[in-house]
């Protein structure tokens with residue numbers, strides 16, 4: 001098999017990923033969210049992730065269970081990435097994700113409805129939230145508009161991190177076996193570079209303030225780490241942020 005990326009290459013970015021996760025989680029704690037353990041209605045297999053996140057999850061879970069997770073019969077397989085969509089928006093053109101979301105619970109849920117890999121879950125899972133309790137009868141999560149935009153920006157940064165390490169993007173359950181060498185990588189996408197911010201003007205100042213603090217944290221916590229410096233330089237330049 002022609003291996004396009006490896007867990008060892010992605011491991012170079014683990015310190016950066018941990019800083020991003022930690023900073024985002026601390027920020028979101030300031031919001032009054034209704035999400036609680038054992039509420040798995042948002043936990044599906046429609047998880048867009050990067051190879052850095054998948055390799056991190058494999059490394060940290062440590063019990064080998066993820067290496068043999070049963071793949072669902074059908075998966076959401078995206079046909080474009082977050083940064084590709086952002087670039088299209090900035091260029092005022094349309095780009096379509098032809099992947100179809102599928103029904104079904106995430107196989108990483110435990111019998112009690114809690115996440116078995118919660119501590120190391122990817123950004124797609126961290127960003128899911130609701131301001132009010134969800135039930136089987138509600139049409140969807142009651143998401144905060146600002147946090148939704150911030151979540152997409154974090155997607156953009158993690159895609160840039162995958163690019164810096166020669167990684168790929170796609171459904172988490174395609175990425176996991178691809179890294180372990182048990183599945184071909186035909187469903188995965190090459191990451192695109194961060195093109196700039198696509199946020200509402202009313203939120204632009206808050207998003208840039210968040211990014212300025214995050215980029216400074218990454219630069220201070222990961223001095224001399226090439227993926228960290230490349231990420232900070234690219235995002236600061238394209239987002240118009242002075243550090």
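Residue under question is residue 52, and the condition is that it be under 14 Å from the mean Cα position of the chain (by Cα), at pLDDT 90 or above and closer than 19 Å to residue 122 by Cβ; does it hold? Criteria met by residue 52.
Please tell me if residue 191 is in contact (Cβ under 8 Å) with a residue 40 or more places away in the chain, part of a loop (DSSP other than H, G, I, E, B), under 23 Å from residue 47 (Cα atoms) and in contact with a strand residue (DSSP E or B) (Cβ under 7 Å, 6 or more places away or on another chain). Judged against the criteria, residue 191 is a match.
With respect to the conditions (1) touching a helix residue (DSSP H, G or I) at 6+ places or on another chain (Cβ under 9 Å); (2) surrounded by fewer than 21 Cβ atoms within 10 Å (Cβ to Cβ); (3) at pLDDT 90 or above, residue 42 lacks only one, and its number is (3).
Restricting to the stretch 212-233, name every residue that is touching a helix residue (DSSP H, G or I) at 6+ places or on another chain (Cβ under 6 Å) and either outside any helix (DSSP H, G or I) or under 17 Å from residue 159 (Cβ atoms) (or both).
214, 215, 218, 222, 227, 228, 230, 231, 232
Just one of the listed residues (173, 146) is surrounded by fewer than 17 Cβ atoms within 10 Å (Cβ to Cβ) and in contact (Cβ under 8 Å) with a residue 40 or more places away in the chain, and it is 146.
Put simply, of 22, 62 the only residue that is under 20 Å from residue 162 (Cα atoms) and without any contact (Cβ under 8 Å) to a residue 40 or more places away in the chain is 22. Out of all the residues in the stretch 202-215, is one or more farther than 21 Å from residue 21 by Cβ and in contact (Cβ under 8 Å) with a residue 40 or more places away in the chain? Looking through the stretch 202-215, at least one residue is farther than 21 Å from residue 21 by Cβ and in contact (Cβ under 8 Å) with a residue 40 or more places away in the chain.
Within the stretch 118-126, does at least one residue satisfy the condition of being loosely packed, with under 14 Cβ neighbours inside 10 Å and within 30 Å of residue 38 (Cβ to Cβ)? Yes, that holds for at least one residue.
The values are calculated or read from the model by the stated rules, or taken from the named source; none is laboratory data. In this text, all values refer to a predicted model and were calculated from it rather than measured experimentally. Neighbour counts run over all protein chains shown; Cβ positions are idealised from the backbone, glycine included.
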